[in-house]
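The structure appears right after this line, and notes come after that.
The values are calculated or read from the model by the stated rules, or taken from the named source; none is laboratory data. These figures come from a predicted structure and were not determined experimentally. Positions of Cβ are generated from backbone atoms using ideal geometry, with glycine treated the same way; all protein chains shown enter the neighbour counts.
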């Protein structure tokens with residue numbers, strides 16, 4: 001029985017590692033996947049064949065990509081995720097009021113994982129739902145990293161983070177202190193040239209379940225003027241996660257702030 005469990009765990013780890021290589025959205029060859037995962041070419045081919053049969057991976061010519069099954073499961077998971085459901089209407093309010101692209105993300109190790117994205121801007125952004133970016137290069141990631149000591153357990157929402165690096169390893173102490181004090185993080189052209197971002201953590205000072213942000217061209221994003229609307233949006237999401245609180249409507253308050 002122990003051998004069966006050990007084999008099952010090893011098999012699952014291989015499948016998970018193989019699927020994770022598709023997180024960039026790129027199509028990959030058998031050789032690339034074998035090299036990236038460290039698995040023998042023959043083992044990689046056998047796993048891919050099974051994954052293609054079950055719809056988890058699609059094959060076109062000599063390249064592979066994620067199939068329909070994980071996308072369908074991902075959509076289902078988002079619909080049932082408390083954070084996503086609580087944040088989605090708030091993100092729409094914030095997008096309507098600012099006209100900027102709005103993101104929702106959580107921290108996974110040293111990366112941010114995008115949970116939701118609303119709106120399109122004049123610039124092409126690398127962000128996509130389910131995608132990842134290095135945390136220290138995004139305002140979302142900075143807001144989350146500055147609160148990494150606060151997320152050992154989150155019973156209020158049922159959300160927990162995978163192990164994350166210490167903030168001090170990726171951000172300066174002054175930047176961490178500034179983010180924690182003002183509960184807002186900024187980023188200008190650190191991730192994408194010509195793009196700026198303002199983000200705020202979602203939590204109550206004791207826990208942090210994620211972060212949201214507004215993103216747009218550097219000549220449009222007012223990092224000072226947008227700080228309050230973004231903080232209000234993050235606070236609204238946190239309140240929506242609490243059964244006793246109702247979500248305030250943000251459009252008026254955000255619009256007033258951004259037009260001032």
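Just a few scattered comments:
- Residue check, residue 140 over 21 Å from residue 241 (Cα atoms) and touching a residue at least 60 places away in the same chain (Cβ under 8 Å): no
- All strands (runs of 3 or more DSSP E) inside the stretch 179-260 with 1 or more residues being at pLDDT 85 or above and closer than 15 Å to residue 83 by Cα: 195-203, 208-217
- Evaluation of residue 164 against (1) at pLDDT 80 or above; (2) in contact with a helix residue (DSSP H, G or I) (Cβ under 6 Å, 6 or more places away or on another chain); (3) outside any helix (DSSP H, G or I) (one fails), failing number: (1)
- Taken over the stretch 93-110, the residue count meeting the criterion of being within 9 Å of the chain's Cα centre (by Cα), more than 10 Å from residue 213 (Cα to Cα) and buried (at least 20 other Cβ atoms within 10 Å of the Cβ) is 2.
- For the stretch 130-157, a residue qualifies if it is touching a strand residue (DSSP E or B) at 6+ places or on another chain (Cβ under 9 Å), surrounded by fewer than 22 Cβ atoms within 10 Å (Cβ to Cβ) and at pLDDT 85 or above, and the qualifying residues are 133, 134, 137.
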